[in-house]
Amino acid sequence: MGFRYSNQEPASKKRPSVNTNTTWLDKLFICDRCFKYTELKEEFDQHILACQLVDKQTGKIVYQDEPHTIRRVRGSKHKLFTQNLCLFTKLFLDNKSVFFTVDYFEFYIIYDNETSKPMGFFSKELLSPDRNNLACILIFPPYQRRRLGTLLIAFSYELSKAQRLVSGPEKPLSPFGLVGYLRYWSNVVTRELVFGNFKKYTTVTLEELSNWTGIRPEDITMTLKYMNVIKTKDNILYIEKDKLHKWVKDNNVNMRPLCKRECLLID
């Protein structure tokens with residue numbers, strides 16, 4: 001039980017130069033329930049026996065389907081838990097962790113319903129001047145490639161739409177983050193244009209598409225260019241329908257959203 005982060009590296013790979021006060025750990029034991037950490041195996045084993053989150057999860061349920069539950073955890077209310085979560089995140093996303101400044105963030109953690117273990121999360125700034133709906137996102141290594149990141153991104157947009165906001169992630173995005181978002185945006189945009197609200201429209205404005213999907217106009221434009229389905233004439237964007245339908249077929253766009261609205265439990 002617990003994530004075990006190994007700092008061991010191949011012999012051929014040299015560690016970066018550090019000062020003499022730096023301590024290197026070969027192993028760091030981290031509880032996969034509350035994210036408390038220690039370098040001592042004995043201390044870790046004792047903690048697991050007493051961890052208060054083994055049989056329960058922190059936070060309020062805001063989404064629940066058959067395999068997953070998403071819980072909202074406020075940093076100001078669960079400071080130690082969210083601080084430990086941020087430190088754990090620091091192992092994988094060095095430039096994104098909020099460290100100990102958690103009071104003005106809330107965290108949305110996705111749990112496996114069968115094991116009750118956390119599999120990933122995203123954070124959201126409570127008073128974002130840019131109205132961002134996501135600050136940091138991480139799917140823990142054992143649970144990657146299960147579309148959990150896409151589910152969390154979709155859920156972040158459902159939060160925005162519940163507040164009648166057009167929103168998006170904090171910028172700039174990392175290269176990996178941009179790939180994930182382009183995948184999500186392209187699926188949403190094509191689903192609405194081909195199967196959804198705009199399927200019978202002969203013309204649609206960026207504002208209409210943005211207001212319906214909750215995606216910022218500049219992100220929609222970037223997505224359409226990424227998909228290579230538009231052409232520009234006299235500063236007007238034209239969507240080439242044959243290319244759009246080809247994109248849907250080649251990328252297996254699903255008519256049903258990954259985040260099920262009937263599973264939302266938000267105010």
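The values are calculated or read from the model by the stated rules, or taken from the named source; none is laboratory data. What you are looking at is a predicted structure, and each value in this text was computed from that prediction instead of being measured. Cβ sites come from the backbone with ideal geometry, for glycine too, and all protein chains shown count toward neighbours.
Structural remarks
- Selected residue [within 19 Å of residue 161 (Cα to Cα), part of a loop (DSSP other than H, G, I, E, B), touching a residue at least 12 places away in the same chain (Cβ under 8 Å) and not aromatic (Phe, Trp, Tyr)] from 209, 258: 258
- Among the residues of segment 147-179, just one is touching a residue at least 24 places away in the same chain (Cβ under 8 Å), farther than 21 Å from residue 264 by Cβ and not in a loop (DSSP other than H, G, I, E, B), namely 177.
- Residue within segment 83-95 that is modelled with pLDDT under 95 and exposed (fewer than 13 other Cβ atoms within 10 Å of the Cβ) present: yes
- Residues satisfying the stated conditions in segment 139-154, i.e. surrounded by 22 or more Cβ atoms within 10 Å (Cβ to Cβ) and touching a helix residue (DSSP H, G or I) at 6+ places or on another chain (Cβ under 6 Å): 139, 149, 153
- Tally, over segment 118-134, of residues that are surrounded by fewer than 18 Cβ atoms within 10 Å (Cβ to Cβ) and closer than 20 Å to residue 81 by Cα: 1
- In segment 192-205, of all residues being part of a helix (DSSP H, G or I) and surrounded by 15 or more Cβ atoms within 10 Å (Cβ to Cβ), the one that is nearest to the chain's Cα centre (by Cα) corresponds to 192.
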